[in-house]
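The values are calculated or read from the model by the stated rules, or taken from the named source; none is laboratory data. Predicted model, so just to flag it, every value in this text is computed and none were measured. No Cβ is skipped: glycine too gets one built from the backbone with ideal geometry, and neighbour counts run over all protein chains shown. Calculation scope for accessible area: heavy atoms of the full protein, side chains included, ligands and nucleic acids excluded. Shrake-Rupley method; radii C 1.70, N 1.55, O 1.52, S 1.80 Å.
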Amino acid sequence: MPAARPLSLAGPLPTPRRAWRRLGRVIGDRLPKGLYARSLIIIIAPVVLLQSVIAYTFMERHWQLVTRRLSAAVTSDVAALMDIYESYPQDRDAATLERIASERLNLDIDILEGAKLPPPGPRPFFSLLDEALTDEIRRQIARPFWIDTVGRSSLIEIRVEIPGGVMRVIARRSQAYASNSHIFLLWMGGSSLVLLGVAILFLRNQIRPILRLADVAESFGKGRELDFRPRGAREVRKAGHAFIEMKRRIERAMEQRTTMLNGVSHDLRTIITRFRLSLALLEQTPEIEDLRRDVDEMSRMLEAYLAFARGDSGEPAAAIDLRALLEDVRTDVERLGGHVSEVTVEGQSTVTVRPDAFRRCLFNLAANAARYGDTIAITARQETRWLAVSIDDDGPGIPPEQREEVFKPFVRLDDARQDAGGSGLGLAIALDIARAHGGDVSLHDSALGGLRATVRVPA
């Protein structure tokens with residue numbers, strides 16, 4: 001019997017490709033999503049990386065090297081003065097030594113007989129001079145010492161213990177420290193900022209036509225007309241001209257469809273009118289009344305079909321008073337026998353939509369609610385970038401699994417509700433109008449116990 005394999009609680013180790021994808025996904029989630037921000041990162045990141053490498057190399061190879069050499073030279077001078085002082089005792093007052101140090105080495109020295117070294121002070125957080133000078137004194141002199149590189153900005157003080165006292169040496173800071181090297185960093189940083197500023201300015205001018213094209217395309221999808229002239233780089237202008245040509249083709253196709261539908265509706269209305277005239281000339285019997293009602297229903301269904309096919313696409317968008325529009329919808333619904341208990345508008349009441357089409361969308365939803373419910377509530381609220389209008393009723397509602405089906409044209413569900421006209425197109429027309437505005441229609445459970453239809457369009 002083969003031995004059983006030991007079970008491992010740990011999962012399989014990620015492959016390098018999977019780990020790389022996961023890292024890329026994490027980085028992508030944290031990067032900005034806008035084109036302008038990403039373009040700035042593409043420009044700024046290499047410049048910052050290059051400047052960082054140059055600054056690090058400069059600090060490591062030039063600044064530290066020069067500072068250490070200068071510190072070594074000053075330390076050598078101090079060591080030579082100490083050797084002279086200890087090798088030639090005839091100059092006990094150190095006058096000659098002070099003169100040589102002042103005239104030849106630019107150092108001021110004092111012999112403090114019987115003095116002790118001060119207690120060590122706090123070292124600076126970052127000082128190349130303090131570190132380099134300390135290392136050189138320990139290497140060349142190898143005696144107890146005390147240094148002050150921060151007390152006076154232009155001078156440094158070195159105290160070294162000698163037999164019978166302390167030798168104090170004061171030197172200029174520039175003798176032991178490359179004090180002007182930071183000017184290179186300032187020039188490098190300043191020139192980078194200027195170049196980045198120019199690059200950002202040009203980049204902004206290049207991104208602006210792309211953003212303008214995106215705004216125009218979004219407005220066209222919402223049924224709004226904006227003036228647009230392609231600008232920017234050759235590729236951006238090419239995309240702009242392609243959008244204009246596509247827009248013209250869509251408008252031409254919509255115009256041809258509207259013209260064809262107008263012709264069809266004219267011919268069909270002519271035939272329906274003949275039917276009505278013929279029925280009016282006949283003797284009014286119950287059978288004739290039934291035929292007249294059939295002709296009226298045929299006329300309403302024809303108008304519904306044409307409205308659905310046309311989609312009210314030729315209507316321009318305009319700013320309207322939402323509260324007044326909802327009151328008109330309320331009046332129309334009450335004429336059908338429905339009861340609208342309340343109309344509430346939260347936030348700004350002025351919106352930009354296609355007035356007649358949007359009114360038809362809301363009326364279809366409200367009429368459908370009035371057909372199956374006794375009480376209707378209409379609520380409109382302004383969200384961040386959206387307008388949401390909810391129509392609640394206390395009717396039987398629609399099961400969640402069938403709510404998508406009712407938006408299909410000519411679909412009738414056994415227990416679902418359709419539009420008040422009976423053509424099976426009311427909800428389909430409402431959805432088509434909402435999507436033509438760049439929005440959507442969704443169905444949910446209502447607080448009144450029935451169905452809630454919510455229209456969301458860009459504000």
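Where residues in segment 77-111 are under 20 Å from Ala142 (Cβ atoms), open to solvent by 50 Å² or more (accessible area, probe 1.4 Å) and not charged (D, E, K, R), which of them is farthest from the chain's Cα centre (by Cα)?
Checking each candidate, the answer is Ser87.
Show the residue pairs meeting these rules: Cβ distance below 8 Å; 6+ apart or different chains; first residue within segment 333-348 and over 10 Å from Arg371 (Cα atoms) and in contact (Cβ under 8 Å) with a residue 40 or more places away in the chain; second residue open to solvent by less than 90 Å² (accessible area, probe 1.4 Å) and assigned to a helix (DSSP H, G or I).
If the second residue must be open to solvent by less than 90 Å² (accessible area, probe 1.4 Å) and assigned to a helix (DSSP H, G or I), no pairs are left.
Hey, could you check segment 11-60 for residues that are among the charged types (D, E, K, R) and surrounded by 11 or more Cβ atoms within 10 Å (Cβ to Cβ) and say which is nearest to the chain's Cα centre (by Cα)?
Going through the qualifying residues, I end up with Arg38.
Taking only segment 428-459 into account, find how many residues are in a loop (DSSP other than H, G, I, E, B) and closer than 17 Å to Ala370 by Cα.
5
Among the residues of segment 252-284, write down those that are of a type in the set (Asp, Glu) and farther than 30 Å from Ser299 by Cβ.
If the condition is that a residue be of a type in the set (Asp, Glu) and farther than 30 Å from Ser299 by Cβ, then no residue fits.
When only residues in segment 119-169 that are among the hydroxyl-bearing types (Ser, Thr, Tyr) and open to solvent by 50 Å² or more (accessible area, probe 1.4 Å) count, which is modelled with the highest pLDDT?
Selected residue: Ser154.
Mind telling me which of the residues Val340, Val329 ends up being modelled with pLDDT of 85 or more, touching a helix residue (DSSP H, G or I) at 6+ places or on another chain (Cβ under 8 Å) and over 25 Å from Pro458 (Cβ atoms)?
Result: Val340 is the single residue among Val340, Val329 that is modelled with pLDDT of 85 or more, touching a helix residue (DSSP H, G or I) at 6+ places or on another chain (Cβ under 8 Å) and over 25 Å from Pro458 (Cβ atoms).
Hey, can you tell me all the residues within segment 349-386 that are under 17 Å from Asp321 (Cβ atoms) and part of a strand (DSSP E or B)?
Thr350, Val351, Thr352, Val353, Ile378, Thr379, Ala380, Arg381, Gln382 - these are the residues of segment 349-386 that are under 17 Å from Asp321 (Cβ atoms) and part of a strand (DSSP E or B).
Test Leu302 against the criterion of being of a type in the set (A, V, I, L, M), buried (at least 16 other Cβ atoms within 10 Å of the Cβ), more than 22 Å from Asp440 (Cβ to Cβ) and at pLDDT below 80, and give yes or no.
Yes, satisfied.
Quick one: would you say Leu226 is under 30 Å from Arg293 (Cβ atoms), of a type in the set (A, V, I, L, M, F, W, C) and open to solvent by 40 Å² or more (accessible area, probe 1.4 Å)?
Answer is no for this residue.
Of all residues in segment 401-459, how many are aromatic (Phe, Trp, Tyr) and modelled with pLDDT of 75 or more?
1
Which of the residues that make up segment 345-389 are out of contact with any strand residue (DSSP E or B) (no Cβ under 9 Å at 6 or more places or on another chain), open to solvent by less than 70 Å² (accessible area, probe 1.4 Å) and within 16 Å of Ala434 (Cα to Cα)?
Ala357, Phe363, Asn364
Hey, any hits in segment 250-270 for a residue that's over 53 Å from the mean Cα position of the chain (by Cα) and β-branched (Val, Ile, Thr)?
Yes: segment 250-270 contains one or more residues that are over 53 Å from the mean Cα position of the chain (by Cα) and β-branched (Val, Ile, Thr).
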